[in-house]
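Shown next, in structure tokens, is the structure this report addresses.
The values are calculated or read from the model by the stated rules, or taken from the named source; none is laboratory data. These figures come from a predicted structure and were not determined experimentally. Quick reminder, even Gly has a Cβ in these numbers, built from the backbone with ideal geometry, and neighbours come from all protein chains shown. The accessibility values were calculated without ligands, DNA or RNA, using every heavy atom of the protein model including side chains. Shrake-Rupley method; radii C 1.70, N 1.55, O 1.52, S 1.80 Å.
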Amino acid sequence: MAAGGSTQQRRREMAAASAAAISGAGRCRLSKIGATRRPPPARVRVAVRLRPFVDGTAGASDPPCVRGMDSCSLEIANWRNHQETLKYQFDAFYGERSTQQDIYAGSVQPILRHLLEGQNASVLAYGPTGAGKTHTMLGSPEQPGVIPRALMDLLQLTREEGAEGRPWALSVTMSYLEIYQEKVLDLLDPASGDLVIREDCRGTILIPGLTQKPITSFADFERHFLPASRNRTVGATRLNQRSSRSHAVLLVKVDQRERLAPFRQREGKLYLIDLAGSEDNRRTGNKGLRLKESGAINTSLFVLGKVVDALNQGLPRVPYRDSKLTRLLQDSLGGSAHSILIANIAPERRFYLDTVSALNFAARSKEVINRPFTNESLQPYVLGPVKLSQKELLGPPEAKRARGPEEEEIGSPEPMAAPASASQKLSPLQKLSSMDPAMLERLLSLDRLLASQGSQGAPLLSTPKRERMVLMKTVEEKDLEIERLKTKQKELEAKMLAQKAEEKENHCPTMLRPLSHRTVTGAKPLKKAVVMPLQLIQEQAASPNAEIHILKNKGR
Ligand code: ADP
Ligand code: MG
């Protein structure tokens, strides 16, 4: 339990750094912090919440086996030695009387601001079944938990920060999934089946096909979240308390787009996770489906423990890929997120062994070091300034045509509707010349593409936005294909050159040589006798022995 020495600390930091490097996140993205400076470390925060005895729980009359000491530490009876207690210290300890607001304000709310900085955050509820994970995360209408509180605040925050006139436009989306028996199920679209978890070139973990619902208000959130949660609850009664056997993951993405140049874009992801029960299923005597479920749960939770240990020991390989849960949490543990683990424990004696194991896991988790950084890049399609310059190029009548009615409706990414700032009121030529050459090239190829598709007039401007985006995508794909072909061509050229060089060394064996140098292996060289000077032939003809000699030589 004691804090490790400085060497161990360094190793842990290195492991966290190498994990971040393996994830590749730091390589591809532009970071606010910059490539020269390493992002500062942020240890995984760990809070423990002890729930009160709940009505009807057997043994409620017993004294609790665990007791809080102060706002950060607690003690639990030592099963090896009854005279002693085991003491633990965490970032926060919340006792039986703590409220939902205490936990939220004390441990969760402080990390939400990072989302608006384009950084990731995760909240994980860990602990045995019945210890209060769902109560902490979801709560009830009377006592709302972390999820509704965080969403309420986040939506409020994004409304304020993204208001008209502020530098950034903000949008929020939500996805809700469940990992059940190592299958990833979309709770917003249960018919979609098992989804795959992938990693993009930037090292970002993503789930293609996962439903993403845009939300602008808490009512929006409830409209999507409540039916999805009910689906899960129906599953719980029908499928033997499935809800406690699956990991529920709510993913909230905050997307920010800068309204003015340089038109940066930031994305912050918040994972709110109600983990499956961490109880030891060998003790609970599970059979049949339960045992199968337990196996799967244990795989995920067992790997979670291994991931934490690998990070703590600075091992070169962190087994994120060994389970769906850890793959998804790659960023939350040893990655780039601000993470908080809330270990839920129960006071009843029958929970004792599971409580000890949950506390041990929590103690190991608090040693894990993350390195959060800002996920910042330039917006892929910065059309705002180009649109203005094109308008100016075309003059007033065309400029009027340029803005299609659809553009207003869709609620476009803000930069497209960005007001012309003082710096933007430049001559069209200046604007084009000051543009990123890659972007300029892309726009020109888009123009060419539009022209080749038979569009007339000022195609780039008169095309409805949705169509334009599709075309942009096509151009981008074509660019990629061209890039691929170029690489292939280069490879072939290199191969050819290598072959030529080799041939030169071997005196061009495959090419036809000048006749004088050729060695004909199939036929014997012609006899000189055939080209003998005339007088010699005559001499030979005069001597019959000579003729016989030639015939013998020919083997006839
Ligand atoms: P888990 O999700 O870990 O299996 P639950 O959240 O379902 O556990 O909690 C089990 C029971 O205990 C529920 O009836 C819940 O309402 C109750 N409970 C949990 N934590 C608290 C708490 N802090 N205060 C009051 N009741 C609680
Ligand atoms: Mg639960």
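Table: residues versus (1) without any contact (Cβ under 8 Å) to a residue 60 or more places away in the chain; (2) more than 16 Å from ligand 2 (Cβ to nearest atom); (3) β-branched (Val, Ile, Thr).
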| site | (1), (2), (3) |
| --- | --- |
| Ala121 | no, yes, no |
| Gly132 | no, no, no |
| Ala163 | yes, yes, no |
| Glu182 | no, yes, no |
| Gly209 | yes, yes, no |
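Here is a list of conditions, (1) open to solvent by 50 Å² or more (accessible area, probe 1.4 Å); (2) within 16 Å of ligand 2 (Cβ to nearest atom), and Leu157 meets all of them except one; can you say which number that is?
Condition (2) is where Leu157 drops out.
Only one of (1) aliphatic (A, V, I, L, M); (2) surrounded by 20 or more Cβ atoms within 10 Å (Cβ to Cβ); (3) modelled with pLDDT under 95 is not met by Leu239, so which one is it?
(2)
Evaluate the following for Gly127: is it open to solvent by less than 30 Å² (accessible area, probe 1.4 Å) and without any contact (Cβ under 8 Å) to a residue 60 or more places away in the chain? Talk me through it step by step, then tell me what you get.
Numbers: open to solvent by less than 30 Å² (accessible area, probe 1.4 Å): yes; without any contact (Cβ under 8 Å) to a residue 60 or more places away in the chain: no.
For Gly127, the condition - open to solvent by less than 30 Å² (accessible area, probe 1.4 Å) and without any contact (Cβ under 8 Å) to a residue 60 or more places away in the chain - is not met.
Please state which of the following conditions Gln83 fails to meet, knowing it meets all the rest: (1) at pLDDT below 95; (2) in contact with a strand residue (DSSP E or B) (Cβ under 8 Å, 6 or more places away or on another chain).
(2)
Hey, could you check segment 146-178 for residues that are at pLDDT 95 or above and within 16 Å of ligand 1 (Cβ to nearest atom) and say which is nearest to the chain's Cα centre (by Cα)?
This residue is Ile147.
Any idea how many residues of segment 269-299 are more than 16 Å from ligand 1 (Cβ to nearest atom), at pLDDT 75 or above and more than 30 Å from Arg113 (Cβ to Cβ)?
Residues in segment 269-299 being more than 16 Å from ligand 1 (Cβ to nearest atom), at pLDDT 75 or above and more than 30 Å from Arg113 (Cβ to Cβ): 1 in total.
Test of understanding: among Gln143, Gln100, which residue is at pLDDT 95 or above, surrounded by fewer than 16 Cβ atoms within 10 Å (Cβ to Cβ) and within 16 Å of ligand 1 (Cβ to nearest atom)?
Only one candidate passes the filter, namely Gln143.
Could you grab me the full set of residues in segment 334-347 that are closer than 22 Å to Tyr104 by Cβ and more than 16 Å from ligand 1 (Cβ to nearest atom)?
Ala337, His338, Ser339, Ile340
Please specify each residue of segment 113-124 satisfying the condition of being surrounded by fewer than 21 Cβ atoms within 10 Å (Cβ to Cβ) and of a type in the set (A, V, I, L, M, F, W, C).
Leu116
Looking only at segment 52-61, decide whether some residue is within 26 Å of Ala362 (Cα to Cα) and modelled with pLDDT of 90 or more.
Scanning segment 52-61 turns up at least one residue that is within 26 Å of Ala362 (Cα to Cα) and modelled with pLDDT of 90 or more.
Could you run through segment 342-365 and say how many residues are away from ligand 2 (no atom under 16 Å from the Cβ) and either open to solvent by 10 Å² or more (accessible area, probe 1.4 Å) or hydrophobic (A, V, I, L, M, F, W, C) (or both)?
Adding up the residues that qualify gives 12.
Looking at segment 336-354, is at least one residue assigned to a helix (DSSP H, G or I), among the polar types (S, T, N, Q) and modelled with pLDDT of 85 or more?
No, the conditions are met nowhere in segment 336-354.
Confirm whether Leu86 is assigned to a strand (DSSP E or B) and more than 23 Å from Val249 (Cβ to Cβ).
Values: assigned to a strand (DSSP E or B): yes; more than 23 Å from Val249 (Cβ to Cβ): yes.
Against the criterion (assigned to a strand (DSSP E or B) and more than 23 Å from Val249 (Cβ to Cβ)), Leu86 qualifies.
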